[in-house]
1. Under 7 Å by Cβ, and 6 or more places apart or on different chains, what pairs join a residue from region 35-58 that is farther than 13 Å from Glu219 by Cβ and open to solvent by less than 40 Å² (accessible area, probe 1.4 Å) with one that is of a type in the set (D, E, K, R) and modelled with pLDDT of 80 or more?
2. Output the qualifying pairs, or none if there are none: Cβ atoms under 7 angstrom, residues six or more apart or on different chains, first residue in region 171-191 and surrounded by 10 or more Cβ atoms within 10 Å (Cβ to Cβ), second residue assigned to a strand (DSSP E or B) and among the hydroxyl-bearing types (Ser, Thr, Tyr).
3. May I ask you to list the residues in region 438-455 that are within 19 Å of Leu420 (Cβ to Cβ) and open to solvent by 50 Å² or more (accessible area, probe 1.4 Å)?
4. I'm trying to understand the selection: among the residues of region 537-562, which are crowded, with 17+ Cβ neighbours inside 10 Å and either over 24 Å from Pro478 (Cα atoms) or modelled with pLDDT of 85 or more (or both)?
5. Can you tell me how many residues within region 140-170 are in contact (Cβ under 8 Å) with a residue 40 or more places away in the chain and open to solvent by 70 Å² or more (accessible area, probe 1.4 Å)?
6. Does any residue in region 206-235 that is open to solvent by 70 Å² or more (accessible area, probe 1.4 Å) come within less than 8 Å, Cβ to Cβ, of a residue that is charged (D, E, K, R) six or more places away or on a different chain, and which pairs are these?
7. Please pick out the residue among Tyr298, Tyr258 that is out of contact with any helix residue (DSSP H, G or I) (no Cβ under 6 Å at 6 or more places or on another chain), among the aromatic types (Phe, Trp, Tyr) and at pLDDT 65 or above.
8. If you take the residues of region 456-480 that are more than 53 Å from the chain's Cα centre (by Cα) and open to solvent by less than 30 Å² (accessible area, probe 1.4 Å), which of them is nearest to Ile421 (Cα to Cα)?
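The values are calculated or read from the model by the stated rules, or taken from the named source; none is laboratory data. On a predicted model such as this, the values are computed, not experimentally measured, just so you know. Counting neighbours? That spans all protein chains shown, and the Cβs are built from the backbone with ideal geometry, glycine included. Surface areas here come from the heavy atoms of the whole protein model, side chains and all, with no ligands, DNA or RNA. Shrake-Rupley method; radii C 1.70, N 1.55, O 1.52, S 1.80 Å.
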Amino acid sequence: MKSIHSRLLIMLFICIIIPYFLSVVVIYGYTKSNVEHHELENTRDYMQRTSEDLQQYFQDIINLPYILYRDHDLFRILEYGFENSIHSKPTTIEKSMETFYLMRNEFRQVRFYIADEEDLFTVYNATVSARSHQPDLLQEDAIQRMINSGSNYMIEPPRQIENYNNAAIIPESDDSMVLTIHHQIEDVLSNELLGIITVNSDLDEYARICERLIQNDQEAVLLVNADNYVMYASDPSLIGKPVPDEYLQSRIGEKEHYVNDDIILSNTLSESGPLEGWQLVKITPSHVLFNEVRQTVYTNIMVGVGVVVLGLIMISIISYKITRPIKLLSRKVRRIEGDNMESPFEDNQEDEIGHLEKHMKEMMTRINFHIEREYKLEIENRKNQLKALKSQVHPHFLYNSLQSIGAVALRSNSPQVYQLITSLSKMMRYTIRADHWVTVRTEVDYVKAYMALQKERFRTHLSYAINIDDNICDISVPSMILQPLVENFFKHCYEKGFSKAHLDIYSEIRGDCLYLTVENDGPSLSDEELMLLKEKIYFLTDKDTYSYEHIGLKNIHDRLVLNYGPPAGIELDTMQKQGFSVRLIIPLLAKEDEQYESIARG
């Protein structure tokens, strides 16, 4: 049955919490779409400006060799050859080459090739190398592609700097990645090839231009040429290599697409000119793009949690004021369901609950009167029936009958049935006979017979151990002091679902007392429950007020105290909330007392 309090909580959940969080989801989706659109538009604008800056930069680098046409000494070398330019001093030529090298800070190496004499000079670190003959330079792939394309320049993908024909002094420690650009120097009138100028420049300048697109460490940018080679990348390992397959889609159209939760945008730098067909690609993880949106959602969720907490507090206060009288009345009714017919109903309230309690109090008074009368009549009737039964059935007849049934079981090849009947016979003989004192061995045998029957009842493996020293087995103790404890084990463990609980029965002698302990690792008691149980066992003596729930424990305790005096009794322990333990304390009698007791039992 759902309480009014739980119904109020359900109403809060349906009417407030669900709509609120649904609105958060809708707002998140709408905001995410707007943020994505806004950020993508801004990124496209940045990429367009960056593309224009890159075009301007490469245009400046490519146009730089045209300055040589105004340097008469250097141009005469290219036009007539070094040997035929007798009017040019070597120092002047070297000065011109050094000046060209120093025109841009990013230049790492410049190679001047004279087509007429097939000689070259290399400038590295502002130092001109000696003249070197290289007749096969025009056969290089890059040079051939430049000549065949009809263009005056060729841009190669970045690679590690190399020593051209061993003409320059480049240390082995210099492993810089450089961008290589080849330029043709031609005669203006005849278009005759005069020479080749090859420039190796570092990547810092145009890398700086590309990096302006990156606003977060987790973003990346790529510059890809028309042949699908990476001219620059945030990841240095990709520079100079073919474009990874997952980024090839970005070269189709201008729209963004997603790869592994990454947003990839591309922009074509130019349809003509030095960067024709080049692509500028930006990769942005979606979680970076939508980070602020998620933060907003988290803030809204936290606000929602606060609203829910305030709502719960409000409903708790309201439900406490409204439903408290109803809950108290419900508890009193449940006590009646638990056979507690003395629930105190009050009739001092002036509302509907007080009126209801008044009538229930009158009703319970009448019911208790009838129950008490019927109970007394039932007790007298049961006593009469028991007397009649005892007068009709002799115990020996029961033993003989059980033995006969056991014999039939053996003849029917049912040894298990015979064992169960034997266990039942032992228990009946033990309980019917008039002995009040037995040996520890006899008491343990009775417990074993009881365990055998319970094992058949529950049809499962019973986990228990009985460890009683041989020197203790012949000690006399009051009968029926262990079996009720074992019975409690089944009542509070097995019958309540703790079928894997383990039962231990063991003994020890300390000082002048024998200790018999029965403990299990099943359900335990709280400190309050343990204190209440001890109060009922040790102090409560009025039969009219005593609860029969723990009458077995109190009966054992009272019998031990009656037979041995105050030092005897039972001790209870919750085993640090890991189970429950009952220890029987039995003082050891002197031999004279034992002899006197045996005579008294006589």
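1. Listed by first residue and then by second, the contacts come to Thr50/Arg212; Tyr57/Glu205.
2. Hits for this filter: Val178/Ser201; Leu179/Ser201; Thr180/Thr198; Ile181/Tyr153; His182/Tyr153; His182/Thr198; His183/Tyr153.
3. Asp445, Lys448, Lys455
4. Ile537, Leu553, Lys554, Ile556, His557, Leu560
5. 3
6. These pairs meet every condition: Tyr229/Lys241.
7. Tyr298
8. Ser479
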